[in-house]
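K.L.:
Sharing a structure with you now.
Each value in this text was obtained by applying a stated rule to the coordinates, not by laboratory testing. For clarity, every value in this text was computed on a predicted model and none was experimentally measured. In this analysis, Cβ positions are derived from the backbone assuming ideal geometry, glycine residues included, and neighbour counts consider all displayed protein chains.
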Amino acid sequence: MAAQRIDKLLAAAGCCSRREAAALAKQGAVAVDGAVCRDVSRRIDPERCRLTFRGQRVGYQEHVYLMLHKPLGVLSATEDREQKTVLDLLPRQYRTRGIFPVGRLDKETSGLLLLTDDGALGHALTSPRRRVDKVYHAVTDGVLTQEAVAAFAAGLELRDGTRCRPAVLNIRQIMDGTSDVLVTVQEGKYHQVRRMLAACHAPVLSLERLSEGAVRLDPALEPGQWRELTPQELEALRADAGEAGNG
Ligand code: URA
């Protein structure tokens, strides 16, 4: 494994921020192979050296990959002066390592949001060339018909003239003038699902993302809860990202 700066390793493990690391090391909080180390710019191989912080072994994980059940009312951003962001829902150990949301959900959309500090994978996953199914559950004001299903399948034109790729509209239930639907899209234009449904005269009342490629929102996660991806989920995600490179 390539050598890493000690302050980066400490931040990645959630011990402190990179800025705090320098001051704490000067106070003697950091040791490498049992010897106090006051220079956090020093590079060490975390698999060969024993790094400790306040006497505790510092573990090392190159990147983290999380799924969050994004609740309503929270921004898909890394920081905001006034409003709560999805990063505010994570423990400090993740925030200090520069994690970011992979793509966005609107503030008033809930459901599956992936987060990582792996810039290369995050970038590949948000590539416009990546054609991976994203499935949303929506409830709309207004009754959707087979005409809308056909328009989705043909590639809908939004009210501003934007053309969408073919998508799937699956009408599950019509009740009291509302429609309960599943929408599957392979792109991520701004407010895309809301705009597609509005173009069919059925504005969204609620919207939730259920899956992205092979990764499904874990039903055990309550809104606001998160977990690390399993190795199988990560493998599937990497396969999705690989497709973008070939697309
Ligand atoms: N489409 C939308 O309109 N909003 C989202 O948050 C995601 C997809």
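K.L.:
In a Gaussian network model over the chain where Cα atoms closer than 10 Å are linked, find which of Leu182, Leu24, Leu113 has the largest mean-square fluctuation.
P.N.:
Of Leu182, Leu24, Leu113, the most mobile in the Gaussian network model is Leu24.
K.L.:
How high is the relative contact order of the chain, in percent, with contacts defined as C-alpha pairs under 8 Å that are six or more residues apart?
P.N.:
20
K.L.:
Taking all pairs of different Cα atoms in the chain, averaging 1/r and flipping that mean, what Kirkwood radius in angstroms comes out?
P.N.:
Radius from the Kirkwood sum: 20.2 Å.
K.L.:
If you don't mind, another one. Which entries of Lys8/Lys134; Lys26/Lys70; Lys84/Lys134; Lys8/Lys84; Lys26/Lys84 show an alpha-carbon separation above 28 angstrom in the structure shown?
P.N.:
Over 28 Å apart, Cα to Cα: Lys8/Lys134; Lys26/Lys70; Lys26/Lys84.
K.L.:
Given Cβ point charges of +1 (Lys, Arg) and -1 (Asp, Glu) and nothing else, what value in debye, to the nearest 20, does the dipole of the range 73-168 about its Cα centre take?
P.N.:
Once rounded to the nearest 20, the dipole reads 380 debye.
K.L.:
Same structure again: For the chain, modelled as a Gaussian network with Cα springs under 10 Å, which listed residue fluctuates most, Thr52, Thr109, Thr162?
P.N.:
Taking springs between Cα atoms under 10 Å, the residue moving most is Thr162.
K.L.:
Which value, in Å³ per residue, describes the convex hull spanned by the Cα atoms of the range 25-118?
P.N.:
Cα convex hull per residue, to the nearest whole number: 120 Å³.
K.L.:
Follow-up. I'd like to know how the range 122-247 sits against the 2.2 N^0.38 Å rule of thumb: what's its Cα Rg over that expected value?
P.N.:
Here the Cα radius of gyration is 1.12 times the empirical estimate.
K.L.:
Here's a follow-up. In deg cm²/dmol, rounded to 500, what helix-only [θ] at 222 nm does the chain give when every DSSP H run of at least 4 residues adds -39500 (n - 2.57) and the total is split over its residues?
P.N.:
Roughly -6500 deg cm²/dmol at 222 nm, from the helical runs in the chain.
K.L.:
Shifting gears a bit: FRET efficiency for Val36 and Phe100, Cβ-Cβ distance as r, R0 = 45 Å, nearest 0.05?
P.N.:
0.85
K.L.:
Compute the relative contact order of the range 81-134 as a whole-number percentage, counting only Cα pairs closer than 8 Å that sit 6 or more residues apart in sequence.
P.N.:
27
K.L.:
A further question follows. Taking Cα pairs under 8 Å and at least six residues apart, what relative contact order does the range 137-247 come out at, in percent?
P.N.:
27
K.L.:
Once a ≥ b ≥ c are taken as the square roots of the eigenvalues of the Cα gyration tensor of the range 166-232, is the result rounded (a/c under 1.5), prolate (a/b larger than b/c) or oblate (a/b not larger than b/c)?
P.N.:
Note, shape of the range 166-232 comes out prolate.
K.L.:
What is the list of residues in the range 66-103 whose amide nitrogen lies under 13 Å from a point 7 angstrom out from the Cα of Arg227, following Cα to Cβ?
P.N.:
66-69
K.L.:
Right, another one. Using the basic label-point model (7 angstrom from Cα toward the beta carbon), what is the Ala220 to Ala77 distance in nanometres?
P.N.:
In this crude label model, Ala220 to Ala77 measures out at 3.4 nm.
K.L.:
Also, quick follow-up: Against the empirical 2.2 N^0.38 Å scaling, what ratio does the C-alpha Rg of the range 154-198 come to?
P.N.:
In units of the 2.2 N^0.38 Å rule of thumb, it is 1.20.
K.L.:
To the nearest 0.05, what FRET efficiency results for Glu62 and Lys26 with a Förster distance of 22 Å applied to their C-beta separation?
P.N.:
Between Glu62 and Lys26 the formula returns 0.20.
K.L.:
A further question follows. Only loop residues by DSSP count here, and only those with at most 16 other Cβ atoms within 10 Å; note down the chymotrypsin sites (Phe, Trp or Tyr not before Pro) in the range 48-135 that meet that.
P.N.:
Within the range 48-135, the qualifying chymotrypsin sites (Phe, Trp or Tyr not before Pro) (loop, at most 16 other Cβ atoms within 10 Å) are Tyr60.
K.L.:
Hull surface divided by four, with the convex hull built on the Cα atoms of the range 61-196: how many nm²?
P.N.:
Approximately 9.7 nm², given one-decimal rounding.
K.L.:
Can you order the peptides 28-35, 200-207 by their average number of other Cβ atoms within 10 Å per residue, highest first?
P.N.:
Peptide ranking by packing, descending: 200-207, 28-35.
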